[in-house]
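Worksheet: one structure, shown below.
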Amino acid sequence: MQKRISLLREDPKVKEALRQIDSEEKRTLEEQMLLCAIPSPSNQEEKRAAKYLEMFQKLPFDRTWQDEVGNVMGLMKGTGEGPSIMLAAHMDTVFPMEADVTPRVDENGMIHAPGIGDDTRGMAEVLTIARAMLQNGVRPKGDIIFCGDVGEESQGDMRGVRHIFQTMELDGFISIDGSVTEVLHVNGVASAKFKVIYRGTGGHAFRMFGYPNANNAMGRAIARIADIEVPSSPVTTFNVGMAAGGDAESGIPTESWFTVDMRSLDTNELDILKSKVKAAAIRGCEEENRRWNHPTERVTVEVIEHGCRPGGTQKLDSPMVRTVIESYRAFGIEPSIPQAASTDANLPVSLGIPGIAIGRGGSLKYGHTLNEVYDPTGGPEGPKRDVIMLLLLGGYEGICEPELPVRERRNV
């Protein structure tokens, strides 16, 4: 494969595309900051998506469009028979609409803004890669769909890629969504979140003593959850991350709630854990009511599930993973493969479709915080690697056949 990579890098058109990526890094950064400055919380991506579609429409794609849920796409038709591959970056952020997302460049060239890396850098790289390939006539044998998708973050519940895989036939999916160039997410961690709410009559802590207490029910449930045993392989975790209840020190609360984040490398283990956590939440309520046995008053419980993501694993010697790893190494980048992550690639992997999340060029610190900062050092290396990756996976006339197999179609 390294011989094929060398031939690709020496091809005149490919060489010019890679040179263009280097020469246009300033433009990539400008587009990154332009997109970042448009607030785009999950489920409120309309303005950023409209701008991204406008930017797509300025490129010589064979087709540009926006689908029913807001995903922005541009098609580069292949030159022959080959797989259909999507290269995507998500357009949403974890920040509220009122957050100040105006980028600021400091004296060291670092760019500060919430969302400046995650994932507006990915969006800018998708544009840069498409522009370099299209303008230099670098087309693989298979089709490439460049995409900005909605709803990747927790509040979006992966609605963009869910819709994509319900309505499109793809042979492979690549998400640009890693904090450093070296990172390579092969496996997808399945996850789910519960919000557990307890409600009761409440009242004065002295006069109504003996009423079942929503905080007590919550405490009993959390203690039970803390004692749940989970397997170390496949890695399975849980965390009570938030809890609140009551309005006064001397008042029995009318409502209390807590949240639980659950994750596993195995969807079946996640389902088992969800059942245990839900049972603990209900038992906490039952125990509190039984403890006081009040003739009329009861605490009730509601368990709300949200942010459920499928997951799955892939073999390192699978065609896509092997090809991606060799693409990294061709640019002197030794891939760092964490045990698992939660990205848009979870969805295809859970369906048995090759999917992967790759690192952006440059590096990101303090992601998902208001202090997010992007270091552009080495920024072009990610997009250049990705051009070679797409050509290897999709095939390139006269040099290599596609490394990624074409899947059997289901005619969606």
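The values are calculated or read from the model by the stated rules, or taken from the named source; none is laboratory data. These numbers were taken from a predicted model, which means no experiment stands behind them. Positions of Cβ are backbone-derived with ideal geometry, glycine not excepted, and every protein chain shown enters the neighbour counts. Heads up: the accessible areas ignore ligands, DNA and RNA and are worked out on the full protein's heavy atoms, side chains in. Shrake-Rupley method; radii C 1.70, N 1.55, O 1.52, S 1.80 Å.
In whole percent, what relative contact order does the chain give with Cα contacts below 8 Å and a gap of six or more residues? Walk me through the numbers before you get to the answer.
On the way: 982 pairs, mean separation 96.1, N = 412.
After rounding, I find 23 percent.
On a 0 to 90° scale, report how tilted helix 120-135 is relative to the longest principal axis of the chain, with both axes built from alpha carbons and the result rounded to the nearest 10.
Once rounded, one gets 20 degrees.
Shape of region 9-124 from its Cα gyration tensor (a ≥ b ≥ c, root eigenvalues): rounded if a/c is under 1.5, otherwise prolate when a/b > b/c, or oblate? Show your work: numbers first, answer last.
Details: a/c = 2.58, a/b = 1.30, b/c = 1.99.
Oblate.
Where a ≥ b ≥ c are the square roots of the eigenvalues of the C-alpha gyration tensor, would you call region 135-199 rounded, which needs a/c under 1.5, or, failing that, prolate if a/b is larger than b/c, or oblate?
Details: a/c = 2.85, a/b = 1.93, b/c = 1.47.
Because a/c hits 1.5 or more and a/b exceeds b/c, region 135-199 counts as prolate.
Among residues other than THR167 whose Cβ falls under 12 Å from its Cβ, what is the net charge (Lys/Arg +1, Asp/Glu -1)?
On the way: positive: ARG162, ARG410; negative: ASP67, GLU68, GLU169.
So the surrounding residues net to -1.
If you count the DSSP beta bridges with both ends in region 199-278, what percent of them are antiparallel, to the nearest 5? Spell out each step's value before the answer.
Values: 12 of 13 bridges.
Counting only bridges with both partners in region 199-278, antiparallel ones make up about 90 percent.
Show me the ranking of peptides 8-19, 357-368, 289-300 by mean Cβ neighbours inside 10 Å, starting with the highest. Could the numbers behind the result be given before it?
Numbers: 8-19: 16.8, 357-368: 21.5, 289-300: 13.7.
Ranked by mean Cβ neighbours within 10 Å, highest first: 357-368, 8-19, 289-300.
May I ask what percent, to the nearest 5, of DSSP beta bridges between residues of the chain are antiparallel? Mind dumping the intermediate values first?
Values: 50 of 69 bridges.
Here the share of antiparallel DSSP bridges comes out near 70 percent.
Please list, ordered by chain and number, the residues whose modelled amide H lies under 5 Å from the amide H of SER175; skip anything fewer than 5 residues away on the same chain.
Residues meeting the criterion, in which the H sits 1.01 Å from N, are ALA88, ILE356, ALA357, ILE358.
Measure up LYS26/LYS315; LYS195/LYS276; LYS47/LYS77 against 26 Å on the Cα-Cα distance and list the ones that go over. Please report the intermediate quantities before stating the final value.
Working: LYS26/LYS315 37 Å; LYS195/LYS276 14 Å; LYS47/LYS77 28 Å.
The pairs that break the limit, which is 26 Å between Cα atoms, are LYS26/LYS315; LYS47/LYS77.
222 nm [θ] for the chain, helices only, -39500 (n - 2.57) per DSSP H run of 4+, per residue, to 500? Walk me through the numbers on the way to the answer.
Numbers: 11 runs with 140 residues, N = 412.
Mean residue ellipticity, 222 nm, calculated: -10500 deg cm²/dmol.
Just to confirm, what accessible area per residue do you get for the chain at 1.4 Å probe, in whole Å²? Each step should come with its number before you reach the end.
Values: 17560 Å² over 412 residues.
Result: 43 Å² of accessible area for each residue.
On each of the three principal axes of the Cα atoms of region 70-203, give max minus min coordinate, whole Å, ordered largest first.
The Cα atoms of region 70-203 stretch 73, 46, 27 Å along their principal axes.
Quick one: grab the alpha carbon gyration tensor of region 327-382, order the square roots of its eigenvalues as a ≥ b ≥ c, and give me rounded if a/c is under 1.5, else prolate or oblate depending on whether a/b is larger than b/c.
Values: a/c = 2.58, a/b = 1.27, b/c = 2.03.
Because a/c hits 1.5 or more and a/b fails to exceed b/c, region 327-382 counts as oblate.
What number, in nm² with one decimal, is the all-direction average of the projected area of the convex hull of the alpha-carbon atoms of the chain? If you can, show how the numbers build up before the last one.
Details: hull surface 89.7 nm².
One quarter of the hull surface, i.e. the mean projection, equals 22.4 nm².
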